[in-house]
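Peer 1: I am attaching a structure below and will ask some questions about it afterwards.
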Amino acid sequence: MRYFNKILIANRGEIAIRVMRGCRELGIETVAVYSEPDKNSLHVKYADEAYLAGEAHPSKSYLNKEKIISIAKKCGAEAIHPGYGFLAENSEFARLCDEEGIVFIGPSYKTIEKMGSKLGSKHMVSSAGVPVLPYTTDGVRSLDEAKKISSEIGYPVIVKASAGGGGIGMQIVEDESGLEEAIEKGMRIAKSAFGDETVFIEKYLVKPRHIELQVLCDQQGNRVHLYDRECSIQRRHQKLVEEAPCPIMTDELREKMAESALKVAEVSGYYNAGTVEFLYSNGEYYFMEMNTRLQVEHTVTEMVTGIDLVKQQIRVASGEDLAISQDDIKLHGHAIECRINAEDPLNNFSADPGKIVRYRSPGGPGIRVDSGIHMGYTIPPMYDSMISKLCSWGFDREESINRMRRAIYEYVILGVKTTLPLHHAIMNNSQFIEGKTHTHFLTEEHVKKN
Ligand SMILES: Nc1ncc2cc(-c3cccc4ccccc34)c(N3CC[C@@H](N)C3)nc2n1
Ligand SMILES: [Ca+2]
């Protein structure tokens, strides 16, 4: 079954190739869009057709909604897959696609808009009984009110941007004396980063774990979950290592979190693939936000369930019923993903673009490499520094760690500095091996000592 004749992939790098692979397996023609510096990149070579979207700066190319839609219309693409980042969670782009009669492969623009507000989505899910941390339901409107609510919540508290993402603008407040400045700073950053200064306050959890549930819904109200992922090893809110399933998950906790995730999908009228993010601490979990896109780390979920999320996205976007029921989805083994970034971990992770002069990717049992690079490729400086995702699957967590160690040893990328040495250290770190990861794992000295 083809679902569509032609799909335009409005992205670049590894995720553009990943989506094109799903299309190719379904016999669907692929259209790439590219910026000037990307004209010789792999995703352009891989596609059946390719069109120049514009200059290097994303606003002129990968974020140029009108240009992308006009290319889709000109080449007869019936649908657009946005990947992640760029326009993936841009409700205006999804609305424009609807208006032009082009299928946006993702949820409705109304759902994207609803879940884009941290405050709005908290209200919606908490009234449906999904656990959330105590928070200022109407955002912060006055300092006095904020002081009153923060003392009720109990310090430490955290100030967050409602329209925000990726932890931008977050301010931790240890006691009331720091509240006013934190609110002012949070509002200023929220205004400049998201054009919306709304901030809210919630209870701050010290060293929580980041556990997220993958959901997949069709347009007829059928919804399934594809289990959990743990993404606690982050640096400046950039995930570095993700794994499935979560190492500390119990059957009881999983059942409750999956039920909550499906409830979030239900009340938000969600369809297509989505991820519900929770923070976990001391046996309790709390809804954080819902990501209305296919995520970078969808790979580990695919490896432990055997389900191709991109092909399922395409299927439900065409209006078909879900082809799988909850009983069809079984967890098998354990998978880990290491994000390989062209950054220097010993120089504050500063980006290190440049030409790849030696490249050999690993392989063998249980290894998956999703990358957009090749020998001789020059990594451009103006895009995200992630150049490859190294994934390993094992019968259990221990085997998946051993295979990841082997793959890191085999992986040769010369010409740019990368995070490979950091991943080597993490995969040999006793705390990680015991599954005791939390969100401040990387900030603690022990990783550097290894
Ligand atoms: N109420 C409350 N308490 C502790 C938190 C701690 C973090 C956090 C901060 C730094 C690294 C993290 C890694 C995994 C999961 C969470 C974090 C956090 N976020 C939100 C955005 C995400 N990238 C990090 N929100 C938090 N919220
Ligand atoms: Ca998010």
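Peer 1: Which of the residues belonging to the stretch 353-368 are of a type in the set (D, E, K, R), out of contact with any Cys (no Cβ under 9 Å at 6 or more places or on another chain) and touching a residue at least 60 places away in the same chain (Cβ under 8 Å)? Steps first, please.
Peer 2: Initial filter on the stretch 353-368 (of a type in the set (D, E, K, R)): 355, 358, 360, 368.
Restricting the remaining residues to those that are out of contact with any Cys (no Cβ under 9 Å at 6 or more places or on another chain) gives 355, 358, 360.
Correct list: Lys355 only.
Peer 1: Next question, about the same structure. Given the conditions (1) closer than 17 Å to Ile17 by Cα; (2) crowded, with 19+ Cβ neighbours inside 10 Å; (3) not hydroxyl-bearing (Ser, Thr, Tyr), which single one is not true for Arg368?
Peer 2: Just one mismatch for Arg368, condition (2).
Peer 1: Could I ask something else about it? Scan the stretch 119-156 residue by residue and report those that are of a type in the set (A, V, I, L, M, F, W, C), in a helix (DSSP H, G or I) and either out of contact with any Phe, Trp or Tyr (no Cβ under 6 Å at 6 or more places or on another chain) or within 18 Å of Glu181 (Cβ to Cβ) (or both).
Peer 2: Met124, Leu143, Ala146, Ile149, Ile153
Peer 1: Taking the criterion of being assigned to a loop (DSSP other than H, G, I, E, B) and closer than 20 Å to Ser268 by Cβ, would at least one residue in the stretch 164-186 satisfy it?
Peer 2: Start the filter on the stretch 164-186 by keeping residues that are assigned to a loop (DSSP other than H, G, I, E, B), which leaves 164-170, 174-175.
Those left that are additionally closer than 20 Å to Ser268 by Cβ: 164-165.
Yes, the stretch 164-186 contains at least one residue that is assigned to a loop (DSSP other than H, G, I, E, B) and closer than 20 Å to Ser268 by Cβ.
Peer 1: Let me ask another. Can you tell me how many residues in the stretch 81-113 are touching a helix residue (DSSP H, G or I) at 6+ places or on another chain (Cβ under 6 Å) and not in a loop (DSSP other than H, G, I, E, B)?
Peer 2: Here the count works out to 11.
Peer 1: So, Glu92, is that one at pLDDT 95 or above, away from ligand 2 (no atom under 14 Å from the Cβ), closer than 30 Å to Leu240 by Cβ and open to solvent by 40 Å² or more (accessible area, probe 1.4 Å) or not?
Peer 2: Details: at pLDDT 95 or above: yes; away from ligand 2 (no atom under 14 Å from the Cβ): yes; closer than 30 Å to Leu240 by Cβ: no; open to solvent by 40 Å² or more (accessible area, probe 1.4 Å): yes.
Criteria not met by Glu92.
Listed here are the residues, each with its yes/no results for (1) free of Cβ contacts under 8 Å to residues at least 24 places away in the same chain; (2) out of contact with any Pro (no Cβ under 8 Å at 6 or more places or on another chain); (3) open to solvent by 10 Å² or more (accessible area, probe 1.4 Å).
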site: Lys239; (1), (2), (3): no, yes, yes
site: Ala258; (1), (2), (3): no, yes, no
site: Val267; (1), (2), (3): no, yes, yes
site: Asn272; (1), (2), (3): no, no, no
site: Tyr280; (1), (2), (3): no, no, yes
site: Tyr285; (1), (2), (3): no, no, yes
site: Gln295; (1), (2), (3): no, yes, no
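Peer 1: Identify all residues within the stretch 313-331 that are under 23 Å from Trp393 (Cβ atoms) and in contact with a strand residue (DSSP E or B) (Cβ under 9 Å, 6 or more places away or on another chain); write none if there are none.
Peer 2: Gln313, Ile324, Gln326, Asp328, Ile329, Leu331
Peer 1: Also, quick follow-up: Is it the case that the stretch 342-349 has a residue that's in a loop (DSSP other than H, G, I, E, B), open to solvent by 30 Å² or more (accessible area, probe 1.4 Å) and within 16 Å of ligand 2 (Cβ to nearest atom)?
Peer 2: No, there is no match, as no residue in the stretch 342-349 is in a loop (DSSP other than H, G, I, E, B), open to solvent by 30 Å² or more (accessible area, probe 1.4 Å) and within 16 Å of ligand 2 (Cβ to nearest atom).
Peer 1: Now for a separate question. Is it the case that the stretch 276-289 has a residue that's out of contact with any Leu (no Cβ under 9 Å at 6 or more places or on another chain), among the hydroxyl-bearing types (Ser, Thr, Tyr) and within 16 Å of ligand 2 (Cβ to nearest atom)?
Peer 2: No; the residues of the stretch 276-289 include none that is out of contact with any Leu (no Cβ under 9 Å at 6 or more places or on another chain), among the hydroxyl-bearing types (Ser, Thr, Tyr) and within 16 Å of ligand 2 (Cβ to nearest atom).
Peer 1: Output the residues belonging to the stretch 263-282 that are away from ligand 1 (no atom under 16 Å from the Cβ) and either touching a helix residue (DSSP H, G or I) at 6+ places or on another chain (Cβ under 9 Å) or at pLDDT below 95 (or both).
Peer 2: Lys263, Val264, Val267, Ser268, Gly269, Tyr270, Tyr271, Asn272, Ala273, Gly274
Peer 1: Across the stretch 187-211, which residue is modelled with the highest pLDDT among those that are in a helix (DSSP H, G or I) and within 15 Å of ligand 2 (Cβ to nearest atom)?
Peer 2: Here is the first cut: in the stretch 187-211, the residues in a helix (DSSP H, G or I) are 187-194.
Cutting the leftovers down to within 15 Å of ligand 2 (Cβ to nearest atom) gives us 190, 193-194.
Values: Ala190: 96, Ala193: 93, Phe194: 92.
The selected residue is Ala190.
The values are calculated or read from the model by the stated rules, or taken from the named source; none is laboratory data. Since the model is a prediction, treat every value here as computed from it, not as a measurement. For neighbour counting, all protein chains shown are included, and Cβ atoms are generated from backbone atoms with ideal geometry for every residue, glycine included. Side chains included, ligands, DNA and RNA excluded: accessible areas come from the protein's heavy atoms. Shrake-Rupley method; radii C 1.70, N 1.55, O 1.52, S 1.80 Å.
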